[in-house]
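Since the structure comes first, as structure tokens, the remarks are kept for the end.
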Amino acid sequence: MPHAYPPEPTFPDDGGAERAVWEVLLGQLPDDAVVVHGVHLQEDEHEYEIDLLVAWPGVGLAAIEVKGGHVDRVDGAWYQGSGERRHRIDPLRQVQGARHALQALLRRRGLWAAEARAAHVVALPHRYVPAEWSALDLPRDMLVDRGDLERSGGVADRVKHAIERHGQGHAPLAADSLPDLVDSLVGGFPSQAEHLVMAAQHETRLEQMTRDQARTLDALSGVRRMRVVGSAGAGKTWLALEQARRRARDGERVALLCYSRGLGRYLERTVDQWPARDRPAYVGLFHDLPLAWGAEPGADDDPDFWERRLPLALGDLAGRRGADELFDTVVVDEAQDFGDLWWPSLLRCLRDRDSGGLYVFMDDAQRVFPREGNVPLELVPVTLRENLRSTKQIAQVFGALSPERITPRGMDGPPVRVVDVPAAEAVGAADDAVEALLGEGWETGQVALLATGRRHPQQVNEVEAGGHAAYWDAFFAEDDVFYGHVLGFKGLERPAVVLAVNGVRDAARAREMLYTGLSRARSLLVVVGDRSWIEEVGGEAVRRRLARAQVWSPV
């Protein structure tokens, strides 16, 4: 049975005309279709109503105007009733205007359903109309009569034919555009309490969906070298951890590596909770491995040290290690962060350079550092195309920036919120947004404020006061609002993220920075910054997605 909105409509006193067509549609349409009763539209000063709207995946949209009782057409004019009650009507003009208004409004909101095939249909459930009847403005195949209601599948066939014939030039209605369409037509206004409950439900579902990804490793258990590419939120970090755990449990000496401090600390804390037999021999930053083996430290602001001298030192030091200090398997998370010189040195860390285990997890859309590193090895490719981490509303926004098509599998959530302010005011407005979220009931440990340009003063103070280790441990304690930067937050997330778009250091990486920042939230995303600049960087797809966002003033 198709989805019906509302489930129990209140029908007008029209002799049962709308009810009759409604019930026949529910009995004839496929289960994935949607029927909406009483769609009211407001386009500027004009009001419209669609008696019945059919949204049929793989087919298109049909706006149906229902007229009951005795309906006639004389000399091009429509009449309803008889005797003294006979009066002029114009069902065709009504439904044409309403259908065009619907498409215009959907287009304004950036919904993909606006581009679907659409047709209007006039239904006369109490009147038989000859099969040969036709008019220039209303072909017979756009009119449903009593005979169609009595014929098995007649109304659905008539609707489908009208859409496919008269909606030419447009694509069929895509199934993945249906949730957004329904939300726009019948969506309510959930309270903040409901948003918090939805967030809790999403967290529970997220954990189970992520664990389901283990089937990927099950299917490829015999592969020794693998390159896993996936969008933000596809579960890559969980898979990297799980692969490292499985290899260690099988008795291998394993190194689990990444580039950023925050993710490195997350990997360390996660592994510390495992039984001793499951723990890799080395867990942490790629840079710390050569330092642990005796490389000379360098300055934080010396790119030559990090990008050339240190990776070369790793290869040299690995060549001097005994086999007992090298690894059977290396697992690399966020591998797009590594420059070309790191990979030859990494291979020298394997006991068997030719067939030792190498598992690389990466997302090319998150190349936020000014380097172009590529894995110079033949690895079995595996692609993850589903977002598990974020609600559909969030995944659709950042997915518009991805070169790959992303399928959101998260739950529905609250709309993305946009605070449109100049970049210079973004951090202050983001602070206001955080306070407003706490006032709504979000816990402090659920919220993160991330900057794209200059670091938030609170982040600078915390790192200077306690150092990087204490700073990241405070994040994982989840006791307070976290203040961070997009560059250091890759691979991490929080339920609610306020993204302060306060500029970017490297204009060439602006798109990647936005993608990474927008994808850090699981349940609620607040974007604070110059909306026109964000849409310029993101392009038309982002503009269309943000058209459905909630314009928000947190003060």
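Output the residue which, of all residues in segment 53-108 that are of a type in the set (Val, Ile, Thr) and within 31 Å of the chain's Cα centre (by Cα), is farthest from residue 25 (Cα to Cα).
Residues of segment 53-108 that are of a type in the set (Val, Ile, Thr), as a first pass: 54, 59, 64, 66, 71, 74, 89, 95.
Filter again for within 31 Å of the chain's Cα centre (by Cα), leaving 54, 59.
Values: 54: 9, 59: 15 Å.
Going through the qualifying residues, I end up with 59.
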Picked from segment 489-511 (must be assigned to a helix (DSSP H, G or I) and in contact (Cβ under 8 Å) with a residue 60 or more places away in the chain), the residue farthest from residue 476 (Cα to Cα) is 508
- Query: Is it the case that segment 283-293 has a residue that's in contact (Cβ under 8 Å) with a residue 40 or more places away in the chain, within 26 Å of residue 242 (Cα to Cα) and either surrounded by fewer than 13 Cβ atoms within 10 Å (Cβ to Cβ) or of a type in the set (Ser, Thr, Tyr) (or both)?
  - Reply: no
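Kindly evaluate residue 446 against the criterion of being buried (at least 16 other Cβ atoms within 10 Å of the Cβ) and more than 27 Å from the chain's Cα centre (by Cα). Walk me through it before giving the result.
On the way: buried (at least 16 other Cβ atoms within 10 Å of the Cβ): yes; more than 27 Å from the chain's Cα centre (by Cα): no.
Criteria not met by residue 446.
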When (1) of a type in the set (A, V, I, L, M); (2) under 15 Å from residue 495 (Cα atoms); (3) touching a His at 6+ places or on another chain (Cβ under 6 Å) are applied to residue 451, the one that fails is (2)
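Take segment 416-431 and flag every residue that is in a loop (DSSP other than H, G, I, E, B) and either at positive phi or buried (at least 20 other Cβ atoms within 10 Å of the Cβ) (or both).
Step one: list which residues in segment 416-431 are in a loop (DSSP other than H, G, I, E, B), which gives 416, 421-422.
Within segment 416-431, 416, 421 qualify.
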From the option list 165, 151, single residue qualifying as within 22 Å of residue 69 (Cβ to Cβ) and modelled with pLDDT of 90 or more is 151
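Taking segment 25-41, which residues are closer than 20 Å to residue 90 by Cβ and either among the hydroxyl-bearing types (Ser, Thr, Tyr) or without any contact (Cβ under 8 Å) to a residue 60 or more places away in the chain (or both)? Even if it seems obvious, please write down each step before you answer.
Applying the first criterion (closer than 20 Å to residue 90 by Cβ) to segment 25-41 yields 38-41.
Answer for segment 25-41, where residues must be closer than 20 Å to residue 90 by Cβ and either among the hydroxyl-bearing types (Ser, Thr, Tyr) or without any contact (Cβ under 8 Å) to a residue 60 or more places away in the chain (or both): 38, 40.
I want to confirm something. Restricting to segment 168-179 and keeping residues that are part of a loop (DSSP other than H, G, I, E, B) and at pLDDT below 85, which single residue is farthest from residue 60 (Cα to Cα)? So that I can check it myself, show each step before the final result.
Step one: of segment 168-179, the residues part of a loop (DSSP other than H, G, I, E, B) are 168-170, 172-174.
If we keep only those that are at pLDDT below 85 too, we end up with 168-170.
Numbers: 168: 10, 169: 12, 170: 9 Å.
Here the residue is 169.
Between 58, 68, which is farther than 23 Å from residue 166 by Cα and either assigned by TED's automatic domain parsing to the domain that holds residue 103 or surrounded by fewer than 22 Cβ atoms within 10 Å (Cβ to Cβ) (or both)? Please lay out each step first, then the result.
Details: 58 fails: farther than 23 Å from residue 166 by Cα.
Going through 58, 68 in turn, the sole match is 68.
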Of (1) touching a strand residue (DSSP E or B) at 6+ places or on another chain (Cβ under 6 Å); (2) within 27 Å of residue 361 (Cα to Cα), residue 513 satisfies every one except (1)
Checked against (1) part of a loop (DSSP other than H, G, I, E, B); (2) modelled with pLDDT of 90 or more; (3) crowded, with 22+ Cβ neighbours inside 10 Å, residue 455 satisfies every condition except (3)
Per the list (1) in a strand (DSSP E or B); (2) modelled with pLDDT under 80; (3) of a type in the set (D, E, K, R), residue check on residue 227 breaks on (2)
For segment 98-120, pairs from a residue that is assigned by TED's automatic domain parsing to the domain that holds residue 173 to a residue that is among the hydroxyl-bearing types (Ser, Thr, Tyr) and part of a loop (DSSP other than H, G, I, E, B), with Cβ under 7 Å and 6 or more apart or across chains, are none
Taking segment 512-555 and keeping only residues that are of a type in the set (A, V, I, L, M), in a strand (DSSP E or B) and surrounded by fewer than 23 Cβ atoms within 10 Å (Cβ to Cβ), one is left with 551
Log entry, pairs with first residue in segment 158-187 being free of Cβ contacts under 8 Å to residues at least 60 places away in the same chain and in the same structural domain as residue 129 (by TED's automatic domain parsing), second being assigned to a loop (DSSP other than H, G, I, E, B) and surrounded by fewer than 19 Cβ atoms within 10 Å (Cβ to Cβ), beta carbons closer than 8 Å, six or more apart or on different chains, reads 166/139
Filtering segment 393-410 for residues that are crowded, with 20+ Cβ neighbours inside 10 Å and either over 28 Å from residue 181 (Cα atoms) or not polar (S, T, N, Q) (or both) leaves a count of 10
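Within segment 293-308, which residues are at negative phi and of a type outside the set (Phe, Trp, Tyr)? I'd like the intermediate steps shown before the answer.
Here is the first cut: in segment 293-308, the ones at negative phi are 293, 295-308.
The answer is 295, 296, 297, 298, 299, 300, 301, 302, 303, 304, 307, 308.
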* Kindly indicate whether residue 537 is in the same structural domain as residue 434 (by TED's automatic domain parsing) and at pLDDT below 90. => no
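Kindly establish whether residue 182 is modelled with pLDDT of 55 or more, out of contact with any helix residue (DSSP H, G or I) (no Cβ under 9 Å at 6 or more places or on another chain) and either surrounded by 15 or more Cβ atoms within 10 Å (Cβ to Cβ) or more than 27 Å from residue 33 (Cα to Cα) (or both).
The answer is yes for residue 182.
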Does residue 486 satisfy the criteria of being more than 20 Å from residue 233 (Cα to Cα), surrounded by 16 or more Cβ atoms within 10 Å (Cβ to Cβ) and touching a Ser or Thr at 6+ places or on another chain (Cβ under 6 Å)? no
Here the qualifying pairs (Cβ atoms under 7 Å; residues six or more apart or on different chains; first in segment 524-547 and under 20 Å from residue 108 (Cα atoms) and among the small types (Gly, Ala, Ser); second buried (at least 23 other Cβ atoms within 10 Å of the Cβ) and modelled with pLDDT of 90 or more) come out as 538/514
Inside segment 78-111, the number of residues satisfying the requirement of being surrounded by fewer than 17 Cβ atoms within 10 Å (Cβ to Cβ) and of a type in the set (Phe, Trp, Tyr) is 1
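The values are calculated or read from the model by the stated rules, or taken from the named source; none is laboratory data. As the structure is a computational prediction, the values presented were derived from the model and not from experiment. Methodologically, a virtual Cβ is constructed for each residue, glycine included, from the backbone with ideal geometry; neighbour enumeration extends over all protein chains shown.
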